[in-house]
1. Quote the convex hull volume per residue of segment 182-265, based on C-alpha atoms, as a whole number of Å³.
2. Over segment 16-145, what is the relative contact order in percent, taking alpha-carbon pairs closer than 8 angstrom and at least six residues apart?
3. Seen from all sides and averaged, what is the projected area of the convex hull of the Cα atoms in segment 79-124, in nm²?
4. Need one value: the accessible area of Trp63 in square angstrom, 1.4 angstrom probe, rounded to the nearest 10.
5. Please give the FRET efficiency for Ala250 paired with Ala96, using the beta carbon to beta carbon distance and R0 = 25 Å, rounded to the nearest 0.05.
6. When the accessible area of segment 25-163 is split by element with a 1.4 Å probe, what percent falls to carbon and sulfur?
7. List the Cys residues of the chain that have no partner Cys with a C-beta closer than 4.7 Å.
8. How far, in nm, would the chain grow between Cys195 and Arg109 when pulled straight, counting 0.36 nm per residue and subtracting the alpha carbon separation?
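The values are calculated or read from the model by the stated rules, or taken from the named source; none is laboratory data. Quick caveat: nothing in here was measured; it's all calculated off a predicted structure. Glycine also receives a Cβ, built like all others from the backbone with ideal geometry; neighbour counts cover every protein chain displayed. Calculation scope for accessible area: heavy atoms of the full protein, side chains included, ligands and nucleic acids excluded. Shrake-Rupley method; radii C 1.70, N 1.55, O 1.52, S 1.80 Å.
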Amino acid sequence: MAEGGLGQTGTPVANADPIRIVPVSPIDDIAAPAHGAPAPPPPKLTYRGGPLLSAVEVFTVFWGPAWATTPQTALAQSLNEFFDFVLTSALLDQLAEYSVPGAAIGHGRRTGSVTITTPQLGSSISDAAIQQALQQEISSNHAFPPPGPNTLYFIYMPPGVSVVQGGSRSCQAFCGYHNNVGGSTFYAVMPFPGCGGCTGGLTAIEALTSTSSHELCEAITDPIPGEGWYDDTHGEIGDICAWKTKVLGAYTVQLEWSNKANACV
């Protein structure tokens, strides 16, 4: 889908590229059609032939000095512990139905974590600037693993920094997204949930694990948005079930669409 842009006043307009984002809460279930309009088809993900992250390797990046101070340090530790759990959990098991020949989706692992303080962040940052910084860190910071067919960089922003992607701004249109650079470097961006639309009535850690699970499952099954498992009407595996959550172990995660069950599970 085409990306959104800026309105005549220079403010971000509604995101026209929803396939890679966690929308703000609350959202309605699949909307009823306008009077006289045909009902949309029911959700069904179809495989478009692109890569899958069959044994995902998550590397967490906490950007900004705030992550080295209380309470953000404890939050970062909790997020790393979340990945250590969820990457070998039933959430990954349920994605096995989206395996394809040569790419059997199984468990993953967290390969490491780093806190960076440069480039220094302002009050907002664009996705293009995030891509540039990520590529710079990969090339110059030996703490970063090189890109690989299963590598997924999860980038967490500190409080007070908004992200602009596809012409829209975090906390106004989205709460997280995943993307790629050149079809070979895969990453997710998680702005800090500093607004009601990105907490959905949850605590900060619950909101972050929920939105992180959304983007994790989408990045595994559709790492190049629209080229893996995708539905032209309803989007990716997490979009269909956005802000529908369950507790898995000690963590809040989002339900994900199952073609097999024909439901969010």
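1. Details: hull volume 9.4 nm³, N = 84.
Dividing the Cα hull volume of segment 182-265 by its residue count gives 112 Å³.
2. Working: 104 pairs, mean separation 37.7, N = 130.
The value is 29 percent.
3. Working: hull surface 21.7 nm².
If I average the Cα hull's projected area over directions, I get 5.4 nm².
4. My reading of the accessible area for Trp63 is about 10 Å².
5. Details: r = 23 Å, r/R0 = 0.93.
The calculated FRET efficiency here is 0.60.
6. Details: 3850 of 6880 Å².
In segment 25-163, the share of accessible area belonging to carbon and sulfur is 56 percent.
7. Cys217
8. Details: separation 86, 0.36 × 86 = 30.96 nm, distance 3.03 nm.
Extra length from Cys195 to Arg109 when fully extended: 27.9 nm.
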